[in-house]
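A quick write-up on the structure given underneath.
The values are calculated or read from the model by the stated rules, or taken from the named source; none is laboratory data. Keep in mind it's a predicted model, so treat the numbers as computed, not measured. Reconstructed Cβ throughout: ideal geometry from the backbone, glycine too, with neighbour counts over all protein chains shown.
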Amino acid sequence: MLASRVVAVVPAAGFSTRFGAAKLLANVGGQPLIARTLASLLDAGVARVVVVAREGAGLESLPALADPRVTIVVNPDPARGMFSSIQVGLAAATGDVVLVLPADMPFVASATVEAVAARAAATGSVIVPVHQGRNGHPLAVPAAIGDRLVTLDPASTLKDALTAIGASRETLDVPDPGVLRDVDVPGDLAGQARE
């Protein structure tokens, strides 16, 4: 269980255009994709999850989002890009460490979430999980850095915003291929089990 108060921001305001359907409701192991993403966070001991949706996304009826540890906030203009959703989530998240995990990443192991958050709490740095030399998610951001990110241009990217504020980043090698597996098209759901 996590020692620090860890919260998570889950950007979920996209339009699923490449997927061709309601991606976040797609069946992954017998449950909606977003429910799997939330479970990886909550099972790791994250205190609170802020899901950033677009208006009319229809996520409110999902049982996983009825968990008292989960809050839904709305990005009023998600067309600005994912960083704008991250900013909306950061503004609503209060904790020592904030994890950022896109909603379409249901294959991240809870042990990975816990390891990334613990490293961020111990170092005070942004922590990026790396698997086989490739950067993945969830990214862990200390609260003070999150407060600075909220003030930047919402049309930016998280990577560029972290560079702009000079945030120190550390990588954490993980054995979890789920940190690289996002779902963009239906074929990305092949071999659904967490590895």
- Residues that are surrounded by fewer than 24 Cβ atoms within 10 Å (Cβ to Cβ), among the hydrophobic types (A, V, I, L, M, F, W, C) and closer than 24 Å to V179 by Cβ, drawn from segment 67-87: V70, M82, F83
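For V49, state whether it is at pLDDT 85 or above, within 27 Å of R119 (Cβ to Cβ) and in contact with a strand residue (DSSP E or B) (Cβ under 7 Å, 6 or more places away or on another chain). Spell out how you get there, then give the answer.
Values: at pLDDT 85 or above: yes; within 27 Å of R119 (Cβ to Cβ): yes; in contact with a strand residue (DSSP E or B) (Cβ under 7 Å, 6 or more places away or on another chain): yes.
Yes.
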- Restricting the search to segment 149-186, which residues are under 20 Å from I86 (Cβ atoms), at pLDDT 90 or above, assigned to a loop (DSSP other than H, G, I, E, B) and among the β-branched types (V, I, T)? V150, T151, T157, I165
- Is it true that some residue in segment 160-174 is touching a residue at least 60 places away in the same chain (Cβ under 8 Å) and surrounded by 14 or more Cβ atoms within 10 Å (Cβ to Cβ)? yes
